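Student: One structure, pasted below without further comment.
Read-outs: derived from the displayed coordinates by stated rules, not from any lab. Everything quoted here is computed from the prediction, not taken from an experiment. Here the Cβ positions follow ideal geometry from the backbone for every residue, glycine too, while neighbour counts run over all protein chains shown.
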C-alpha cells in the first residue's frame with residue numbers, strides 16, 4: 001500500500017511535445033493574476049494528478065515566494081523540470097509565457113504603429129490609466145499586508161519611500177533596507193536605527209544639494225519621449241527588474257519605470273500606464289508588460305531583449321540549481337535580508353503609485369473611475385477580476401469622454 005501512494009506522487013515522464021502543449025494550455029488560461037494561476041496549476045498537477053504531495057507543493061511555493069520573479073511561471077518551470085529534466089523545465093516555462101508574450105507583442109506593435117489618436121482609443125485608455133492606479137494601490141496593500149509583518153519592517157518601508165522621493169537610487173535604498181533588518185533581527189537595534197537615520201540624512205543632503213532627481217520630475221512627462229535605447233541596455237534593464245521582483249509583478253514597476261520614464265526617457269508615464277493596463281487584460285503573468293516597455297525603447301528587438309532579461313532569472317533559479325537555492329533560503333540571515341529588501345520595495349512602489357496618481361488623476365472623471373475601480377478590486381474576487389476591472393474602466397472612460 002505505501003508503494004502505491006509513493007508511485008501516485010511521482011511526476012510522469014512526459015514527452016517534450018506533451019509537456020510543452022500542457023503548459024501552453026496553462027498559458028492560454030492564465031487569467032486572473034498569480035493567485036488564480038497558481039490555483040489552476042495546483043488543481044491539475046497536485047490535486048488531480050498527484051505529481052507531488054500537497055506538503056511538497058507548499059514548500060516549493062514558499063521558496064519561490066521568497067525568490068524574485070513571477071511565482072506561477074517559476075512553478076511551471078519546476079514541474080516541467082520534474083517531468084522532463086532541464087529541457088522539460090525550459091519548455092514548460094516557455095509554453096506558459098508564450099501566449100501572453102505573443103499577444104502583448106502584437107498589441108505593442110499596434111499601439112506604437114497606429115497610436116491611439118482616435119477618440120475611441122483615447123477614451124478607453126483614459127479609463128485604463130485610472131484603473132491601473134487602483135490596481136497598484138491594491139497591490140501595495142496586498143503585498144504590504146504580508147511583507148510588513150512588524151513595526152520595524154513598516155519603518156523600513158517608510159524610510160525607503162522617503163529616500164526614493166528624495167532621489168536616492170533604488171539599489172542603495174534596498175541594500176540599506178536589507179542590512180537594517182538583519183541588524184534588527186540580531187538584536188542590534190541601535191545600529192539599525194543609526195543606519196536608517198544616516199540613510200535619510202544622506203538622502204536629504206543629496207536632494208537639497210540639487211543632485212537628486214525625484215521620480216515626480218520625470219513622471220510628469222505627458223508627451224512621448226523620442227529617445228530609444230540599445231537591445232543590450234534593454235536586456236540589462238529586464239535582468240535587473242527580474243532579479244529585484246519580490247512579492248509579485250507589481251514590485252517590478254518602480255525599476256522599469258525608473259529605467260524607461262525617469263532615467264532612459266524612451267517612453268512617457270502615460271504610455272507606461274497603458275502597458276500595465278494592457279497586460280491586465282491578457283492571459284499572462286502581469287510582468288509581461290515589460291514586453292510593451294521594451295517595444296517602446298527598441299522596437300521588436302527591444303521587446304525580445306527586455307522580455308528575455310526579465311524572465312531569465314525565473315528560468316535559471318530552477319534549471320541551474322533549485323536544490324541549492326532551497327537550502328540557501330532556509331538560512332535565517334538570507335531570509336531576513338530579503339524580508340528587509342521586500343519592505344523597501346513596498347516603499348518604492350508607494351512612491352511610484354503616488355507620482356503616477358498625481359500625473360493621472362487630474363480630472364473628476366479620472367478620479368471617479370479610480371474610485372470605482374478601487375472598490376471593485378477589493379470586492380470582486382473572481383478569476384477574471386483584474387481583466388474585468390480594466391475593461392470596465394475603459395468602457396466608462398469612453399462614456400465619460402462625452403460628459404464635460
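Student: Would you mind pulling out the separation of the Cα centroids of the range 283-300 and the range 158-207, in Å?
Tutor: 32
Student: Counting only helical runs of four or more DSSP H residues, what would the 222 nm mean residue ellipticity of the chain come to if each run contributes -39,500 (n - 2.57) and the total is spread over all its residues? Could the numbers behind the result be given before it?
Tutor: Working: 17 runs with 303 residues, N = 404.
So the calculated ellipticity at 222 nm is -25500 deg cm²/dmol.
Student: Now for a separate question. Ordered by packing density, taken as the mean number of other Cβ atoms within 10 Å over each peptide's residues, highest first, how do 151-161, 191-201 rank? Mind dumping the intermediate values first?
Tutor: Values: 151-161: 21.3, 191-201: 16.4.
Per-residue Cβ counts within 10 Å, averaged per peptide and sorted highest first, yield 151-161, 191-201.
Student: Based on the mean of other beta carbon atoms within 10 Å per residue, what is the order of 260-273, 165-178, 16-29, most packed first? Don't skip to the end; give the middle numbers.
Tutor: Values: 260-273: 22.9, 165-178: 20.1, 16-29: 18.3.
My ranking of the peptides, most packed first, is 260-273, 165-178, 16-29.
Student: Roughly how many nanometres apart are two label points built 7 Å out from the Cα toward the Cβ at residue 324 and residue 301?
Tutor: If labels sit at residue 324 and residue 301, their model points lie 3.3 nm apart.
Student: Expressed as a rounded percentage, what relative contact order does the chain have, with Cα pairs under 8 Å and six or more residues apart? Present the calculation step by step, with values, prior to reporting the outcome.
Tutor: Details: 689 pairs, mean separation 112.2, N = 404.
RCO, the chain: 28 percent.
Student: Where the centroid of each part is defined by its Cα atoms, how far is the range 353-399 from the range 79-111 in Å?
Tutor: Result: 29 Å between the Cα centres.
Student: Compute the FRET efficiency between residue 47 and residue 204 as 1/(1 + (r/R0)^6), taking r as their Cβ-Cβ distance and R0 = 51 Å, and round to the nearest 0.05.
Tutor: 0.45
Student: Suppose R0 equals 30 Å; then what is the FRET efficiency for residue 378 and residue 335 from their Cβ-Cβ distance, rounded to the nearest 0.05? Don't jump to the answer; show the numbers that get you there.
Tutor: Working: r = 30 Å, r/R0 = 1.00.
In this case the efficiency is close to 0.50.
Student: Next up: Using a 7 Å offset from the Cα along the Cα-to-Cβ direction at both residue 15 and residue 118, what is the distance between the two label points in nm, to one decimal?
Tutor: 4.5
Student: Sort 78-84, 50-56 for me by packing, meaning the mean count of neighbouring Cβ atoms within 10 Å per residue, highest on top.
Tutor: On the way: 78-84: 24.3, 50-56: 14.6.
Most protected by this proxy first, the peptides run 78-84, 50-56.
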